[in-house]
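*Asks:* Dumping the structure here so I can ask a few things about it.
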Amino acid sequence: MSCVKHLVLIGGGHSHVAVLRAFGMAPPPATQLTLICNVVHTPYSGMLPGLIAGHYRFEDTHIDLAALAGFASSAFVNDTVVGLDPDAKQVYRADGMPIAYDVLSINIGSAPNTNDVPGAAEHTIPVKPISQFLSYWKALQARIAGNDKSCQIAVVGGGAGGVELLLALQYRLSQGPHAQRLSFHLVTEEAELLSTYPPSIRETFHQTFTSRGITLHTNHRVHQVEANRVHCKNGAVLKFDEILWVTAAGAASWPTEAGLAVDDRGFISIGEAMQSLSHQDIFAVGDIASLEAHPRPKSGVFAVKQGPALAENLRRHLMGEPPVPHIPQSKYLSLISTGDRYAIASYGHWSMQGKLMWHLKDWIDRRFIATYTVLPD
Ligand SMILES: Cc1cc2nc3c(=O)[nH]c(=O)nc-3n(C[C@H](O)[C@H](O)[C@H](O)COP(=O)(O)OP(=O)(O)OC[C@H]3O[C@@H](n4cnc5c(N)ncnc54)[C@H](O)[C@@H]3O)c2cc1C
């Protein structure tokens with residue numbers, strides 16, 4: 001019997017890139033490594049608004065997973081995982097091929113939930129998967145350039161992702177010759193933008209929206225979508241030409257279908273060592289994981305911090321050693337950009353805004369990408 005263990009990583013999320021880099025620097029003993037991801041170039045979503053705003057190129061904001069897997073001497077399978085059998089210890093690819101594992105790690109992120117609102121999947125564009133969103137963005141720019149009609153663009157979702165994306169989109173489209181015929185809207189079920197942020201941040205963004213002429217539809221819970229219109233719980237029917245969906249994160253269904261322990265929203269329940277509560281040979285991190293003892297918002301900063309800790313625990317698990325706990329940070333730096341190379345930073349109740357904060361965000365984000373694209377010899 002072979003004593004080589006097969007570690008399979010699903011998804012090229014913010015934590016798995018750290019695992020690949022760490023294992024490239026110091027390979028775990030007697031381990032065969034496979035990364036399965038549905039994209040070759042994985043995006044850093046913190047830079048998506050900057051890409052939309054025109055400050056970055058595609059290659060500034062994406063990590064080449066094939067190159068990173070090569071650095072880690074890992075096989076790279078460019079496919080989507082659609083199923084898992086934890087008893088047989090196999091994952092299933094979209095092309096039907098099973099892949100056997102000894103240890104599994106899942107870092108597949110989340111996507112705005114379009115299933116709960118009838119019509120949302122058919123008539124809106126979710127921000128994730130980002131590769132699909134970028135194709136839509138290209139097509140939208142071509143559509144706007146290709147006719148002279150007015151165009152009402154709406155983002156549904158008033159969290160940081162929706163706010164930042166809309167401001168970036170408006171900034172970019174307002175640079176072009178078509179600015180006069182475009183109008184921008186944000187629709188949210190909450191009474192205010194950024195409801196989980198401190199009041200001073202909410203007020204700042206409220207002022208930004210007002211000064212930029214963006215129409216805010218608060219207390220508008222969308223409960224049905226048709227072509228070019230959203231129906232809200234309060235009875236309002238709003239008409240738009242383009243509807244972007246940036247609502248709360250939803251989980252892939254296959255972990256639940258596989259019988260993994262999940263929380264009430266379908267995210268994989270993990271313990272402090274990042275192991276599935278139901279299956280000790282399965283780890284999960286980033287948005288897809290839920291640490292119920294220490295709940296945190298779905299945000300990339302947690303996945304980034306989990307990366308090195310996950311690498312350490314996978315190594316320990318492969319070597320038969322006990323894992324070490326990783327408690328996600330309770331305070332973290334949030335940097336939300338407004339499209340125009342300006343950002344608002346907050347850390348707990350502290351906040352600061354300006355061009356300098358954008359440069360700080362730019363520096364942090366570029367450093368993250370460089371860590372995984374400029375690899376040691
Ligand atoms: C517009 C916007 C801006 C944001 N800005 C920030 C920010 O500035 N800071 C911040 O902390 N958070 C930000 N977020 C939140 C952030 O996007 C997520 O929290 C973060 O990406 C989660 O990281 P992850 O590692 O869990 O997964 P991801 O980064 O989403 O990576 C998941 C990977 O798995 C792959 N994958 C998915 N499903 C499968 C499958 N079935 N099979 C194989 N591969 C699969 C994906 O292609 C991807 O490579 C933003 C979100 C949005 C929408």
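Rule-based calculations on the coordinates, nothing more; no lab input. Keep in mind the model is a prediction, meaning the values are calculated, not measured. Don't worry about glycine lacking a Cβ; one is built from the backbone with ideal geometry, like all the others, and counts go over all protein chains shown.
*Asks:* Sort 120-127, 40-47 by the packing proxy (mean of other Cβ within 10 Å over each peptide's residues), most packed first.
*Replies:* On the way: 120-127: 19.0, 40-47: 21.0.
The packing order, highest mean first, is 40-47, 120-127.
*Asks:* Averaged over all directions, how much area does the convex hull of the C-alpha atoms of the chain cover when projected, in nm²?
*Replies:* Details: hull surface 76.9 nm².
Average of the hull's projected areas for the chain equals 19.2 nm².
*Asks:* If packing is taken as the average count of other Cβ atoms within 10 Å, what order do 99-105, 174-180 fall into, highest mean first? Spell out each step's value before the answer.
*Replies:* Values: 99-105: 20.1, 174-180: 11.7.
Ranked from most to least packed, the peptides come out as 99-105, 174-180.
*Asks:* Might you report the magnitude of the Cβ-based charge dipole of the chain about its Cα centre, with Lys and Arg at +1 and Asp and Glu at -1, to the nearest 20 debye?
*Replies:* Numbers: 29 positive and 32 negative charges, 202 e Å.
Using Cβ point charges on Lys, Arg, Asp and Glu, the chain gives about 980 debye.
*Asks:* For the pairs Lys5/Lys89; Lys298/Lys361; Lys298/Lys331; Lys5/Lys305, flag any whose C-alpha to C-alpha distance is greater than 22 Å. Mind showing how you got there, number by number?
*Replies:* Working: Lys5/Lys89 12 Å; Lys298/Lys361 19 Å; Lys298/Lys331 14 Å; Lys5/Lys305 26 Å.
The answer is Lys5/Lys305.
*Asks:* Given an 8 Å cut-off on Cα distances and at least 6 residues of separation, report the relative contact order of the chain as a percent. Can you show the working numbers first?
*Replies:* Working: 741 pairs, mean separation 72.5, N = 377.
Over the chain, the number comes to 19 percent.
*Asks:* Still on this structure, please answer the following. Using +1 at the C-beta of Lys and Arg and -1 at the C-beta of Asp and Glu, which of Ala120, Asn219, Ser174 has the Cα lying farthest in the positive direction of the dipole of the stretch 120-248?
*Replies:* Working it through, the farthest residue towards the positive pole turns out to be Ser174.
*Asks:* Still on this structure, I have one more. Stick to the Cα atoms of the stretch 120-248, pair each with every other, and give me the Kirkwood hydrodynamic radius in Å at one decimal. Write down the numbers at each step before the final one.
*Replies:* Details: mean 1/r = 0.0670 Å⁻¹.
Computed over the stretch 120-248, the radius equals 14.9 Å.
*Asks:* How are the alpha carbon pair distances in the stretch 42-86 distributed across 5 Å bins from zero to the largest one, expressed in percent?
*Replies:* Histogram of Cα-Cα distances, whole percents per bin: 5, 18, 18, 16, 17, 15, 7, 3, 1.
*Asks:* Let me ask another. Search the structure for amide H atoms under 5 Å from the amide H of Gln32, placed 1.01 Å from N in the peptide plane, and list their residues when 5 or more places away or on another chain.
*Replies:* Lys5, His6, Leu7
*Asks:* So, by mean Cβ neighbours within 10 angstrom, what's the order for 106-116, 354-364, 220-230 with the highest one leading? Could you put the intermediate results ahead of the total?
*Replies:* Details: 106-116: 20.5, 354-364: 15.5, 220-230: 17.6.
My ranking of the peptides, most packed first, is 106-116, 220-230, 354-364.
*Asks:* For the chain, build the charge dipole from Cβ charges (+1 Lys, Arg; -1 Asp, Glu) around the Cα centre, then report which of Ser110, Ala289, Cys3 sits farthest towards its positive end.
*Replies:* Ser110
*Asks:* Quote the charge dipole size of the stretch 144-294 about the Cα centre in Debye, to the nearest 20; the model charges only the Cβ of Lys and Arg (+1) and of Asp and Glu (-1). Can you show the working numbers first?
*Replies:* Details: 10 positive and 16 negative charges, 171 e Å.
Its charge dipole is roughly 820 debye.
*Asks:* Over all alpha-carbon pairs in the stretch 24-161, figure out the percentage whose distance exceeds 24 Å.
*Replies:* On the way: 4516 of 9453 pairs.
Counting pairs separated by more than 24 Å, the tail of P(r) holds 48 percent.
*Asks:* Using alpha-carbon pairs under 8 Å, 6+ residues apart, how would you state the relative contact order of the stretch 131-191 in percent?
*Replies:* Values: 50 pairs, mean separation 26.8, N = 61.
Relative contact order here is 44 percent.
*Asks:* Quote the relative contact order of the stretch 332-377 in percent (integer), defining contacts as alpha-carbon pairs under 8 Å separated by 6+ residues.
*Replies:* Working: 50 pairs, mean separation 12.3, N = 46.
Computed over the stretch 332-377, the figure is 27 percent.
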